[in-house]
Amino acid sequence: MAGPLLEISDLRLSAGSGKGAAAILRGIDLALARGRILGIVGESGSGKSSLVNTIMGLTPPGLRAEGRIVLAGEDLLGLSPVRMRALRGHRLAMIFQDPMTALNPVFRIGTQLVDVIRNRHPGTVPAAVEAMAVEALGRVGLPDPGRRMRDYPGQLSGGMRQRVMIAMALVCRPELLIADEPTTALDATIEAQIIDLLRRLRHDFQGSIIFISHNLGTVMQLCDEVAVLYGGHLVESGPVRAVLRRPLHPYTRALVGCEIDDRPVDAPLAFIPGKVPETTERPGGCIFADRCAYAAAPCRTTAPRLAAQGDDRRAACLRLGELP
Amino acid sequence: MTASPGIRLGALSVTFGRAIRALDRVTLEVGEGETVGIVGESGSGKSTLCRTLVGLTRPTAGEVEVLGEPVTVALRRDPRGYRRRIQMLMQDAVATLSPRMTIGRLLAEAVAIHGLDRDETEERIRSFLGRLRLPPSILGRYPHEISGGQARRIGVIRALLLRPRVLVADEPTAGLDVSVQGELLNLLMEFQRELDLTFMIVSHNLHVIKRVTRRTLVMYLGQIVEDAPTRDLFARPAHPYATALISTNPLLAAEDGGGAIILRGEIPSNAALPPGCRFHTRCPVARPVCAETMPELEPTAAGGQVRCHFPGTLARPGTGAA
Ligand SMILES: Nc1ncnc2c1ncn2[C@@H]1O[C@H](COP(=O)(O)OP(=O)(O)O)[C@@H](O)[C@H]1O
Ligand SMILES: Nc1ncnc2c1ncn2[C@@H]1O[C@H](COP(=O)(O)OP(=O)(O)O)[C@@H](O)[C@H]1O
Ligand code: SF4
Ligand SMILES: [Mg+2]
Ligand SMILES: [Mg+2]
């Protein structure tokens, strides 16, 4: 099929009305091609989880989502809750930072995996379902998968539980897999294993992946593209290496500068002064102006639009042309 | 390293229950005024090491000396004096603040038991608040009313009010966004220099360790496996675990210097330690001897120490260097 797998336009997520109204996503435009891996980065509170939860149709009561989220031609925001529930576990799958939010501690992992397969592939004979489950656990690197089927989630390490979650996503054969900080709680060497696993599986699995992380190094290793979120805005996007090695937007520059620099020991570490904007703030200009090292007078009154920078990059900053 | 040791550990072992060997014969000397980083997998004993230093955990065997005096002796002789000389920033800053006391009371109590002058203390608190960019009104708030970042700053004030000579920071920025970690770490490093603190900092953020320490300890399953000048460690790690750990962060290399080394398997349990080298079950360059004989911590040419039969032999994928 031509065109992107996922196309998000002017996505807004808000709560309440009047003076106390909260704007969580403030108009996101984003497209993701089939088979690509997109990283999403940004400080806590930038709206990363809100964005992917909205894609999954998991908007909490009281919040309003407006705009368009088109998955392979179908606008997800227009779907009924029933239809949306049917998409989850078929065309959309998600893994979380804490696998225990999705795994039930009192059922064996084999039972839970078998349920997912039965639901996804109804009518499959039990022996085949069982075989698929064992095969999936083997593919995600669980040693002795046949025996592991009988384990309870509590008997597995954090890394192994995350592998089980990936196995559940795999058997769904989703078009879009969303991973919200799946490696944040893991040790660096286990995180590297999970990233390596996702890289190897991307070919098996053919769909696209959205991967949220606050670890820019991990994003660089796994993703093709990256989107930088700040205060509910997408402020920069593009190929991962280009963006993280030569960031354009002042926010991306600042964020990257906190994680990489070649300065000597004794030189102070970089940081971003101030804090992320509250959802109730309604700045007239650039959302980052208060903390931006390059902000000038127009930045406080004119909101920059996300504009193309060359073939494959985009950034939302009024002063891009004037920055060093 | 200076001549007088700020911290000296002699074959320090800590065993929990009968089987969990959290620290196993750790020997170490840290000079007064030195800043040392500690990295390692969770469960490798980093927190236990910190807690043993401040006297919160008792050694099962071996010696712990701080500023030239065994901790057990110091704690018996003058427990308050000892707690003033060495302070610890805990991994979970918020949980260490008593929920029913205002921040102001909490700080006052921390100094009151040490009989410090009240006016001088208030003056010091005010000056700390200013430098840590905390509003004076925070003194009237309760711990649940302040942010995680503010709680960490209050923890720093509480630790430094007593003018310690040794500061142990166990993941002082865990849970904070990298965007704000730098500010807190800069302040800690300023205080380290001003007070000439002997400073041990545990972090899983390798960039932080690289930027604020001159010496780094790498721990694995209760042992120090590498102890090296930080610059050398990042440029040429000798231990295969250290090499793999550093390879997981591509941002640490100026260029795209090869991919991550993927270790097989998981960290074995402290209750069932592998024989021989503790790392051999996951080591990409292990040979038969590694499963049989535990390597000792041996000096390296670069002036560090490494615990490996084949140091420096693990190459990063995509690089020719060994
Ligand atoms: N259900 C909700 N109601 C109101 N505000 C919310 C809700 N969920 C999240 N928020 C707010 O939206 C902002 C973005 O949150 P989140 O999407 O979790 O960010 P991130 O995942 O980037 O840390 C935060 O300020 C958060 O407090
Ligand atoms: N109070 C305790 N009782 C029992 N086991 C403990 C206790 N404290 C730590 N341990 C165990 O000791 C080992 C080392 O733990 P710790 O020092 O916290 O490691 P790290 O800080 O490197 O993650 C782990 O196996 C941990 O489970
Ligand atoms: S001693 Fe052997 S197993 Fe241990 S780290 Fe060195 S090479 Fe690897
Ligand atoms: Mg989130
Ligand atoms: Mg710890």
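The values are calculated or read from the model by the stated rules, or taken from the named source; none is laboratory data. All figures in this text were calculated on a predicted structure; none of them were measured in a lab. Counting neighbours? That spans all protein chains shown, and the Cβs are built from the backbone with ideal geometry, glycine included. Just so you know, the surface numbers come from the protein's heavy atoms only, side chains and all, with ligands and any DNA or RNA stripped out. Shrake-Rupley method; radii C 1.70, N 1.55, O 1.52, S 1.80 Å.
Points to keep in mind about this one:
- The range A:235-324 - percent of accessible surface contributed by carbon and sulfur, probe 1.4 Å: 53
- Coarse-grained scattering of chain B at q = 0.07, 0.14 Å⁻¹, given as base-10 log I(q)/I(0) from a Debye sum over alpha-carbon atoms: -0.30, -1.12
- Hz values of 3J(HN,Hα) by residue in the range A:151-168 - Karplus curve (6.51, -1.76, 1.60), Gly and Pro given as x: 6, 8, x, x, 7, 9, 6, x, x, 5, 4, 5, 5, 4, 4, 5, 4, 5
- Count of Lys pairs (Cα-Cα under 30 Å; at least 8 positions apart or interchain) in the protein assembly as shown: 6
- Residues whose amide H falls under 5 Å from that of B:I201, counting only those 5 or more places apart or on a different chain, are B:V36, B:G37, B:I38, B:A169, with hydrogens built in the peptide plane.
- Rh by Kirkwood over Cα pairs, then Stokes-Einstein D for the range B:183-322 at 1.002 mPa s and 20 °C, µm²/s: 133
- The range A:26-66: translational diffusion in µm²/s, Stokes-Einstein, Kirkwood Rh over Cα pairs, 37 °C, 0.692 mPa s: 277
- Leading residue at positive end of dipole, the range A:255-315 (Cβ point charges), from A:A307, A:A293, A:P283: A:P283
- Inter-probe distance in nm under a simple model that places probes 7 Å from Cα toward Cβ, at B:E298 and A:S17: 7.6
- Protein accessible area in the range B:200-282, 1.4 Å probe - carbon and sulfur %: 54
- Total accessible area lost when B and A pair, probe 1.4 Å, Å² to nearest 100: 3200
- Averaged over its residues, the protein assembly as shown has an accessible area of 43 Å² per residue, based on protein heavy atoms and a 1.4 Å probe.
- Those residues of the range B:184-224 for which accessible area with every protein chain present is at least 30 Å² below the isolated value (1.4 Å probe): B:N186, B:R193, B:H207, B:R211, B:R214
- Legend: calculated FRET efficiency, B:E29 to A:A242, from the Cβ-Cβ distance at R0 = 41 Å, rounded to 0.05, equals 0.30.
- Percent accessible area from carbon and sulfur atoms, the range A:156-204, protein chains only, probe 1.4 Å: 44
- For the protein assembly as shown, the calculated P(r), taken from all Cα-Cα distances in 10 Å bins from zero up to the bin holding the longest distance, is 3, 14, 23, 25, 20, 11, 3, 0 percent.
- Label-point gap, in nm, between A:A296 and A:D312 - each point 7 angstrom along Cα→Cβ: 3.1
- Histogram of C-alpha separations across the range B:228-305, 10 Å bin width, %: 17, 42, 34, 7, 0
- A loss of 10 Å² or more of accessible area (1.4 Å probe, protein heavy atoms, ligands and nucleic acids excluded) relative to the isolated chain is seen in these residues of the range A:165-192: A:D187, A:A188, A:T189, A:I190, A:A192.
- The relative contact order of chain B, computed from alpha carbon pairs under 8 Å that lie at least 6 residues apart in sequence, is 19 percent.
- Amide H contacts under 5 Å for A:R36: A:I209, restricted to partners 5 or more places along the chain or on a different chain, H placed in the peptide plane at 1.01 Å from N.
- Coordinate range of the alpha-carbon atoms in the range A:1-149 per principal axis, descending: 57, 37, 29 Å.
- The spread of Cα positions in chain A, taken along each principal axis and listed from longest to shortest, comes to 68, 51, 38 Å.
- Given R0 = 56 Å, the distance between the Cβ atoms of A:V106 and A:R64 translates into a calculated FRET efficiency of 0.95.
- A simple spin-label model places the labels of A:Q155 and B:A291 2.5 nm from each other, with each point 7 Å out along Cα-to-Cβ.
- For the range A:90-226, the Cα-based Rg and Dmax, in that order, read 14.2, 44 Å.
- According to the Cα-based calculation, Rg over Rh for the range A:177-301 is 1.01, with Rh computed by the Kirkwood formula.
- Helical mean residue ellipticity (222 nm; -39500 (n - 2.57) per DSSP H run of 4+; nearest 500) of chain A: -9000 deg cm²/dmol
- With the biggest extent put first, the Cα atoms of the range A:194-245 measure 34, 20, 17 Å across the principal axes.
- If you take the alpha carbon atoms of the range A:239-293 and fit the smallest convex hull around them, that volume is 105 Å³ per residue.
- Taking every protein chain into account, the 1.4 Å probe leaves A:K48 with about 10 Å² of accessible area, to the nearest ten.
- As computed over the range B:45-136, the Cα convex hull volume per residue (Å³): 139
- Per-residue HN-Hα couplings for the range A:204-220 [Karplus 6.51, -1.76, 1.60; θ = phi - 60°; Hz; x = Gly/Pro]: 4, 9, 6, x, 9, 10, 10, 10, 9, 7, 9, 9, 5, x, 5, 4, 4
- For the range A:262-306, a reduction of at least 40 Å² in accessible area between the chain on its own and the assembled protein chains (probe 1.4 Å) is found at A:V265, A:D266, A:L269, A:F271.
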